[in-house]
């Protein structure tokens, strides 16, 4: 197989990997930190997240982390029911003493909000919480590849807040179709 054709096949096959595989755990079950494993505690976190309504998160730094000059960065990522995740976004947190607050408004048809905390120490080293993964807050109406539709607002085969929307994720199908067409063109040029 020619290198261009191999690249086209790889790109096309990657389009079928659903973004919903990025959420750890079970569909609909939030992934939260254990207070024993992190240098912060959650004082506010909306759950479930709701389309078009601000999702708020407030964490409070432990006394030890505060006393040794640790700072926090909070990153969020929103994934939608069509299998697409936005790029991670470092949030501008409101910081008051030990408290760090962020707010994000998810778009309609979102599956979940991922979030994580980067603890930056006084020597500029850092640790991500969780390491290599995300904490997750699920939407009130979500689609997950393995389990289908679910959530508090999923009623009578539709999202209560989005009853006009189709129950089939469409953007992912369009993206996949475009990728297949692009691969066919590249292969055909060889």
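Bear in mind these aren't lab numbers, they're just calculated from the coordinates by the rules spelled out. Everything numeric here is computed off the predicted structure, so don't read it as measured data. For neighbour counting, all protein chains shown are included, and Cβ atoms are generated from backbone atoms with ideal geometry for every residue, glycine included.
At 0.36 nm per residue, and after removing the present C-alpha to C-alpha distance, how many nm does the segment from residue 99 to residue 121 gain when stretched out fully? Display every interim value, and only then the final one.
Values: separation 22, 0.36 × 22 = 7.92 nm, distance 1.66 nm.
Here the answer is 6.3 nm.
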Set the Förster radius R0 to 41 Å, insert the Cβ-Cβ distance between residue 108 and residue 67 as r into 1/(1 + (r/R0)^6), and round the FRET efficiency to 0.05. 0.40
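Assign one of three labels to region 67-166, namely rounded, prolate or oblate, based on the Cα gyration tensor with a ≥ b ≥ c the square roots of its eigenvalues; rounded applies when a/c is under 1.5, prolate when it is not and a/b is larger than b/c, and oblate otherwise.
Numbers: a/c = 3.29, a/b = 2.44, b/c = 1.35.
In terms of gyration-tensor shape, prolate.
Per 0.36 nm of contour for each residue apart, how much would the distance between residue 157 and residue 84 grow if the chain were fully extended, relative to their Cα-Cα spacing?
On the way: separation 73, 0.36 × 73 = 26.28 nm, distance 2.16 nm.
Gain in length upon complete extension: 24.1 nm.
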